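Report on the structure given below.
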Amino acid sequence: MDDQQLRVQLLGTGTSTGVPVIGCDCEVCTSPDPRDSRLRCSCYIQIGNVSILIDAGPDFRAQALRAHIDSVDAVLITHHHFDHVVGLDDLRPFLFRNKVAIPCYASPETATVLERMFSYIFVDSDYPGVANLDLVRVDAPFHVEGRRELSDRVQVTPIPVLHGDLQIYGYRIGNFAYLTDTSAIPESSMDLLVGVEVLVLDGLRYESHTKHLTIPEAVELARQIGARQTYLVHLAHSIHHKRVDAELPDGVNLGYDGLKFSVRL
Ligand SMILES: [Zn+2]
Ligand SMILES: [Zn+2]
């Protein structure tokens, strides 16, 4: 592949409620700093002429318009929680244009729940105008291809992580890994993260939580994984960007909506 870079954009970095939280007048929810405004977690990746979306939550439409996204070749779903999937229907404009189904990759468990949640898309899709998405169950590395002629092929590796009692997926592409909604990483998955250069990792807040890493837990895992740069996401409204970011060790920063970076493939 001639283009050896992944161009990554964080479309959203907030916890499930988003920040500001509806009805809250705390310091962060009323902050004038745009980095304290967080839509629900999602990430857009371009490699050569292949474009990949990770998760499509309730803010997907706004995020796609804000980031001028004009193509999605594949969707990687981390898990079936509301804040990560309810925007799937908003992929329809891409389908009108492409005329080809967009593959949505998910773990077998997540795929089964998605078939229930979106039966009108994934089970009885006879209704005209319905989003034409192909649910693909994956439990090993797979390849994503663009829909243009001479399209590049990109290998994606699912990284199983724990999200409370639930096992969900993070994903690794080249030297980039994206692990949202994580409370622990099994040893076997740590092995899959060896050599990652840029990591996106859950870091909800300082107070402990059964389904998410705290900031200190995330910092410790980032140290163990050893990426040169880690960005924390799924941030709650107790996280004041400027103050918390300044306290983090070298090579660990808070992510924020709209953050763009490049990673070697
Ligand atoms: Zn979430
Ligand atoms: Zn979740």
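No value in this document is a laboratory result; all are computed from the given coordinates. The structure presented is a predicted model; accordingly, all values stated were derived computationally and were not measured. Glycine also receives a Cβ, built like all others from the backbone with ideal geometry; neighbour counts cover every protein chain displayed.
Points worth noting:
- Degrees separating the helix 215-225 axis from the principal Cα axis of the chain, which is the longest one: 70 degrees
- Fluctuation leader among Phe118, Phe176, Phe60 - the chain, Gaussian network, Cα springs under 10 angstrom: Phe118
- Of the residues Val21, Val252, Val123, the one that moves most in a GNM of the chain with alpha-carbon contacts below 10 Å is Val123.
- Take every DSSP beta bridge whose two residues both sit in segment 5-255; close to 55 percent of them are antiparallel.
- Assigned charges on the beta-carbon of Lys, Arg, Asp, Glu; segment 47-158 dipole about Cα centre (debye): 280 debye
- For segment 1-42, the square roots of the Cα gyration tensor eigenvalues, ordered a ≥ b ≥ c, give a/c of at least 1.5 with a/b greater than b/c, which places it in the prolate category.
- Proximal lysines to Lys260, defined as alpha-carbon separation beneath 24 angstrom and excluding residues fewer than eight positions away on the same chain: Lys242
- In plain terms, the chain from Asn98 to Glu247 could stretch by 49.1 nm, reckoned as 0.36 nm per residue minus the Cα-Cα distance.
- Put a dot 7 Å past the Cα of Cys29, heading toward its Cβ, do the same for Leu166, and the two dots end up 2.4 nm apart.
- Rounded to the nearest 500, the 222 nm mean residue ellipticity of the chain from helices alone is -5500 deg cm²/dmol, with -39,500 (n - 2.57) taken per DSSP H run of at least 4 residues.
- Antiparallel %, DSSP beta bridges [both residues in segment 113-265], to 5: 55 percent
- Global dimensions of the chain from alpha-carbon coordinates: Rg and Dmax equal 17.5, 53 Å.
- Gaussian network model of the chain, Cα within-10 Å springs - most flexible of Ile22, Ile69, Ile54: Ile22
- Per-residue extension of 0.36 nm, minus the Cα-Cα distance of Tyr120 and Val136, leaves a gain of 4.1 nm for this segment.
- Relative contact order (percent, whole number), the chain, Cα cutoff 8 Å, 6+ residue spacing: 21 percent
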